[in-house]
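Engineer: Quick one: structure below, then a few questions.
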Amino acid sequence: MSSTEKQNRYEMTNEYWRNIFLQMDCDELAERFKLRSDEDALYIRFCCRDYRIDKNSGHISNVTAPERRLSFNVLMSIYNLFYYSKAGATVCGRFVPFREVKRASPFAPAFEKSLELGLTKPFSGKAELLRKAGEKLEGEPVSYGDVGFVVRAFDFMPVMVVFWDEDDEFPAQANMLFDADITDYIHEETVCCIAGEVMERLIEEAGLTIE
């Protein structure tokens, strides 16, 4: 897909979901997700960054950098959360790999490719950088892998990152695990967007780039 085609897809998809948001009840969304709300906007925290959703236009912006163009992952994660979340959704506290997320297995090859590019490869030989990046995203350490922590995608949505660094015998390996009931909150395909944003934020906080 060319850069122009990607841009067109970005704009069309954003417009589609923006219009769906405009049909939603903002008061109900604020109550359901315990969001800060004022006369003009809803506010939600995603991957340790605050976003503003304008009630009149449906546009999403970064609170501290409103001029910044938002990624596809950010837009889809927020809009899809509002649309797909079931009444009374909650997490169960049991983490599973992506392939075991309900109905997600068809998307597993794409997820595993993004995991290699967004976590395994960038942090190979740089486990301490990953640890520090996780701390910057308010990650809670867990005793798995060489580096392991749980970050909050949304306040109510934990994501576990586990990383084994390279050694003399084995290359680096990484995994990302999700609450078994995450699809009560979000469409299974959108879990890839959430994972993508977590990885991008870790890379950003570590001062790295994807080659």
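The values are calculated or read from the model by the stated rules, or taken from the named source; none is laboratory data. None of the values given here were measured: they were computed from a predicted structure. All Cβ positions, glycine included, derive from the backbone under ideal geometry; neighbour counts span all protein chains shown.
Engineer: Can you give me the number of residues within the range 62-113 that are polar (S, T, N, Q), more than 16 Å from the chain's Cα centre (by Cα) and within 21 Å of ARG49 (Cα to Cα)?
Structural biologist: Residues meeting the conditions: 1.
Engineer: Let me ask something additional. Out of (1) farther than 23 Å from ALA174 by Cα; (2) basic (Lys, Arg); (3) at pLDDT below 95, the odd one out for ARG103 is which?
Structural biologist: The failed condition is (1).
Engineer: Same structure, new question: If I filter the range 59-72 down to residues being modelled with pLDDT of 95 or more and of a type in the set (Gly, Ala, Ser), which single residue comes out as nearest to MET24 (Cα to Cα)?
Structural biologist: Only one residue fits best here, namely SER61.
Engineer: Within the range 191-211, track down each residue that is in a loop (DSSP other than H, G, I, E, B) and either closer than 15 Å to SER114 by Cβ or among the aliphatic types (A, V, I, L, M) (or both).
Structural biologist: LEU208, ILE210, GLU211
Engineer: Consider only pairs whose beta carbons are under 8 Å apart and that are at least six residues apart or on different chains; among these, list those whose first residue lies in the range 8-19 and is at negative phi and whose second residue is among the hydroxyl-bearing types (Ser, Thr, Tyr).
Structural biologist: Close Cβ pairs satisfying both conditions: TRP17/TYR79; TRP17/TYR83; ARG18/SER57; ARG18/TYR79.
Engineer: Under 7 Å by Cβ, and 6 or more places apart or on different chains, what pairs join a residue from the range 44-60 that is outside the structural domain of VAL74 (by TED's automatic domain parsing) with one that is part of a loop (DSSP other than H, G, I, E, B) and of a type outside the set (Val, Ile, Thr)?
Structural biologist: Here the result reads none, with nothing in the range 44-60 linked to a residue that is part of a loop (DSSP other than H, G, I, E, B) and of a type outside the set (Val, Ile, Thr).
Engineer: For the subset of the range 31-80 comprising residues that are touching a Leu at 6+ places or on another chain (Cβ under 8 Å) and on the phi > 0 side of the Ramachandran plot, which member is surrounded by the most Cβ atoms within 10 Å (Cβ to Cβ)?
Structural biologist: Checked the range 31-80; the qualifying residue surrounded by the most Cβ atoms within 10 Å (Cβ to Cβ) is CYS47.
Engineer: Out of all the residues in the range 1-58, which are at pLDDT below 95 and of a type in the set (A, V, I, L, M)?
Structural biologist: Those that are at pLDDT below 95 and of a type in the set (A, V, I, L, M): MET1, MET12.
Engineer: May I ask you to list the residues in the range 161-190 that are among the β-branched types (Val, Ile, Thr), under 27 Å from TYR79 (Cβ atoms) and either in contact with a strand residue (DSSP E or B) (Cβ under 6 Å, 6 or more places away or on another chain) or in a loop (DSSP other than H, G, I, E, B) (or both)? Steps first, answer last, please.
Structural biologist: Here is the first cut: in the range 161-190, the residues among the β-branched types (Val, Ile, Thr) are 161-162, 182-183, 186, 190.
With the extra rule that they be under 27 Å from TYR79 (Cβ atoms), the set shrinks to 161, 182-183, 186, 190.
Within the range 161-190, VAL161, ILE186 meet the criteria.
Engineer: Taking the residues in the range 88-144 that are buried (at least 18 other Cβ atoms within 10 Å of the Cβ) and without any contact (Cβ under 8 Å) to a residue 24 or more places away in the chain as candidates, determine which candidate is farthest from CYS193 (Cα to Cα).
Structural biologist: Result: ARG131.
Engineer: Mind checking which strands (runs of 3 or more DSSP E) fall wholly inside the range 11-100 and carry at least 1 residues that are more than 24 Å from LYS136 (Cβ to Cβ)?
Structural biologist: 41-46, 49-54, 95-97
Engineer: In addition: Output yes when any residue across the range 175-182 is of a type in the set (Phe, Trp, Tyr) and in contact with a Ser or Thr (Cβ under 7 Å, 6 or more places away or on another chain), and no when none is.
Structural biologist: The answer is no; no qualifying residue exists.
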